[in-house]
Amino acid sequence: AATAAATAAATAAATATSITIDGETKTSAQQHDKQLDPLHLASLAGDIDALERSCAAVNSPTVLCHNDLLPGNFLLRCDDDQSRVGKPSHPNQGVLDLAPESSYQTKPRANPDDLPEKPLLTLIDFEYSCYGPRGFDLANHFLEYAGFTGEWGLVPDAETRGRFFVEYLKARAANGGANEGADEGTDESVDSEHLKNEVSTLSSEVNAFFPVSHLWWGLWAAMMTHSNDSAVGFDYASYAAVRLREFRKTRHEDKRR
């Protein structure tokens with residue numbers, strides 16, 4: 001988080017260019033800072049230090065994270081008609097199929113056992129992918145349900161997240177994931193006591209990293225106001241305000257506990 005703040009500041013300085021307004025020469029950074037001043041970025045330093053300590057305390061495992069698990073980066077295959085190869089059964093649903101255009105043709109029904117298994121769900125856009133805390137990737141995914149306008153009531157509640165954690169842990173066990181803490185000879189997916197403890201651990205990790213997601217994207221959006229992408233029509237300054245406002249709210253609630 002602290003590194004992200006430093007990167008934002010360095011990028012802002014590096015991308016500043018001179019412009020003239022009403023005979024007065026100013027840098028583009030100075031113009032953008034008028035949008036960023038209400039964010040009070042300098043006041044985040046103390047919260048960042050405290051946040052680093054609280055996240056370290058949950059000891060979230062380091063895994064390969066996607067770091068941008070918003071709905072648009074999930075592709076769901078929903079073609080149940082095996083007589084058509086490649087082309088979705090319901091093209092109006094906007095589902096992207098990865099088969100080449102040349103395979104969009106009707107073919108005799110094949111034996112399902114002879115067909116290569118196609119994933120039901122595919123992730124795309126690994127631009128921000130890197131190794132990092134598991135809790136961050138999961139927390140960030142849940143918060144993406146709120147969209148760019150910050151409708152936080154749409155974020156899955158604790159009960160829904162708990163069901164997600166159960167399925168996550170079962171899938172991890174089925175794919176040869178860690179089975180530490182379970183009784184020897186017991187499948188992690190059916191060891192209810194161990195599963196309960198693991199769900200509690202995941203919940204603690206995610207709760208600790210909720211504010212980190214807000215801070216991450218708030219600083220990212222603030223940084224992007226100084227980039228060439230600011231011309232695409234997305235209001236980065238407003239999005240930064242949405243995320244940093246929620247960051248400060250969650251930090252305030254944490255302090256009251």
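Available extension along the chain between HIS40 and GLU253 is 74.8 nm, counting 0.36 nm per residue and deducting the alpha carbon span. The residues neighbouring LEU44, those whose beta-carbon lies less than 11 Å from its own, together hold a net charge of 0 under the Lys/Arg +1, Asp/Glu -1 convention. Amide H to amide H, with H built 1.01 Å from N, VAL63 comes under 5 Å of GLY132, ARG134, counting only residues 5 or more places away or on other chains. Take the Cα of SER54, step 7 Å toward its Cβ, do the same at LEU76, and the gap between the two points is 3.3 nm.
Quick check: net charge around ASP137, other residues with Cβ under 12 Å of its Cβ, Lys/Arg +1 and Asp/Glu -1?
Value of the local net charge: -2.
Computed from the Cβ-Cβ distance with R0 of 41 Å, the FRET efficiency linking PHE234 to GLU159 stands at 0.75.
Taken together, the values in this text are just the output of simple stated rules run on the coordinates, not laboratory data. Remember, predicted model here, so these are calculated numbers, not experimental data. No Cβ is skipped: glycine too gets one built from the backbone with ideal geometry, and neighbour counts run over all protein chains shown.
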